[in-house]
Amino acid sequence: MTHRTKTAAGRRWSRGLAATAIGALALAAPAEAEITGAGVRAGHNISVFSTIDFIGAFGYTVGTPMTVAVVRNGHTIASVTANSNDSPDGGALEVNHGPLGAPAPGDCWEGFTPDIRPGDIIRVTADGGTDEVKVDNIRIDQGPVLQANGEITMKGIAERADGTPIPLADLSSGEVRNTSRFRAMPDQVVGTPGVANGWTAVFRAPFVIERNRNAADPATAILGADVLLFGFGHVVPLPADTQMADGVGDTPGPALGCEGSPAAPNGGVGATSVSALNIDALGGKAAGDVALELSGLAAQNASAGTVTLSDGTTAVTAPAEGVSGGGGDQQGWTARFTRAQVDTLADGPLTATPAFNAAGGDVTGITRTVTKDLVAPTLTADMAPGTYTGTQKVGL
């Protein structure tokens, strides 16, 4: 698996996360992320690369439906649903991982690419249940630097979302690469003096080299590395959870190939409670019952918001619950529409448009289309009316 460069230029990766975590990394014992809900079921893995908004889910049944969602403060801010792909690690989705060629269902976030932040919940629904982990704050703040004593150091932060330090001994998945032909791991990870929850990865001669196909000078190759990775759980076999920083800093946005799911600085609709408003979805719901929930992101400074659902002629609105402003990150929200509201709209594509009151003026977020179709299918026989003798085959 190739990763983004240390300069955070465009990304494109090959498939398969664990298949490349070999050599010294494969022997390291992984840490545990902060588990939420029921945690991660045995045999499954959630991989979080939050600095590049990439989420992987592995170990599920191949070819079956999976939903990968990002939840912030109780609101689903983004999601994607697709059948799992076959991978060396079982049924999988790798969302925003830079598809090779045209993106297939599940390769990119639906609607827009969320900026995944520490404290968000990653929720995977598949195989008859749900797996969850909370996103840690793991990042690389400084790439490889040559020190006066000949050592090379790389530095960053590793802590839980609440600021609790991740033990240094657990940070066993660090590496640098220079193209696909060179890979090295640090000799030691120590605390960074004067930096809360800071880590320093130390590379010492003769260096821990897993691959050097061009016989490059190790120090030169480490200093010129175009891939920087640090965290835990990037091992074989995959543990329940993997959390990694990829590249220096936080570089949110779509991977190469996922440009159709752009970043959403003004927010947008990131998830729907049903895939379509049809007889199955609305059956048995009374006029005052919630028939449709839309959720997503709002700008950090938005103080209030509404969502409009329109068939092009008639429109209904609902408040974007959860938007209040003043937070440190973009805000999650949920809008709820009743059966009575949905009934006023015509069948066909409905456009959901979020609008927010923000500092400097009102803004409109990225829209989402939901299909309404309450017309029961018509059955037509391929045989003409009449009287028939014996067994007949009828197509409908």
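Please treat every number below as a calculation from the coordinates, not as lab data. Just so we're clear, the structure is a prediction, and the values are computed from it rather than from any experiment. Backbone-built Cβ (ideal geometry, glycine too); neighbour counts: all protein chains shown.
Take every Cα pair under 8 Å in the chain that's 6+ residues apart, average their separations, divide by the length, and report that relative contact order as a whole percent. Relative CO of the chain lands at 18 percent.
Under 1.5 on a/c is rounded, so check that first for the chain, then, if it is not, pick prolate when a/b is larger than b/c and oblate when it is not; a ≥ b ≥ c are the square roots of the alpha carbon gyration tensor eigenvalues. Here the chain falls in the prolate category.
3J(HN,Hα) along region 144-152, derived from phi through the Karplus expression 6.51 cos²θ - 1.76 cosθ + 1.60 where θ = phi - 60°, amounts to x, 10, 7, 9, 4, 7, x, 6, 10 Hz, with x in place of Gly and Pro. Calculated FRET efficiency, Thr389 to Ile279, Cβ-Cβ distance, R0 = 25 Å: about 0.10 to the nearest 0.05.
Rounded to the nearest 5, the antiparallel percentage of DSSP beta bridges internal to the chain is 90%.
Put simply, when 188-198, 262-272, 244-254 are sorted by average Cβ atoms within 10 angstrom per residue, most first, you get 262-272, 244-254, 188-198. Backbone geometry of region 66-76 corresponds, through the Karplus equation with coefficients 6.51, -1.76 and 1.60 at θ = phi - 60°, to 3J(HN,Hα) couplings of 9, 10, 10, 10, 10, 10, 10, 6, x, 10, 6 Hz, x marking Gly and Pro. Modelled spin-label separation between Val62 and Ser310, with each label point placed 7 Å from Cα along the Cα-to-Cβ direction: 4.7 nm. Over region 138-235, Cα pairs under 8 Å with separation of 6+ residues give a relative contact order of 34 percent. Normalised by the number of residues in region 267-373, the average gap of Cα pairs under 8 Å and 6 or more apart makes the relative contact order 35 percent. Only Lys, Arg, Asp and Glu carry charge here, each on its Cβ (+1 for the first two, -1 for the last two); on that basis the chain has a dipole of about 600 debye about its Cα centre.
Using a Gaussian network model of the chain in which every pair of alpha carbons under 10 angstrom is joined by a spring, one finds that among Gly111, Gly224, Gly150 the greatest mean-square fluctuation is at Gly150.
Based on the alpha-carbon gyration tensor of region 274-396 and its eigenvalue square roots a ≥ b ≥ c, which shape applies: rounded if a/c is under 1.5, prolate if not and a/b is larger than b/c, or oblate? It is prolate, given that a/c is not under 1.5 and a/b is the larger ratio. Between Thr192 and Asp343, the contour length at 0.36 nm per residue exceeds the alpha carbon distance by 48.3 nm. Along region 195-207 the Karplus relation, 6.51 cos²θ - 1.76 cosθ + 1.60 evaluated at θ = phi - 60°, assigns HN-Hα couplings of 10, 4, 6, x, 10, 10, 8, 10, 10, 10, 4, x, 6 Hz to successive residues, with x for each Gly and Pro.
Of the residues Ile157, Ile122, Ile279, the one that moves most in a GNM of the chain with alpha-carbon contacts below 10 Å is Ile279. With a ≥ b ≥ c taken as the square roots of the eigenvalues of the C-alpha gyration tensor of region 114-238, please select rounded if a/c is under 1.5 and otherwise prolate if a/b is larger than b/c or oblate if it is not? In terms of gyration-tensor shape, oblate. Pick from Gly296, Gly365, Gly63 the residue whose mean-square fluctuation is largest in a GNM of the chain, springs joining Cα atoms under 10 Å. Of Gly296, Gly365, Gly63, the Gaussian network model singles out Gly63 as fluctuating most. Return the long-range amide H neighbours of Asp250 (sequence gap of 5 or more, or a different chain), with a cut-off of under 5 Å between placed amide H atoms. It is none; the list stays empty.
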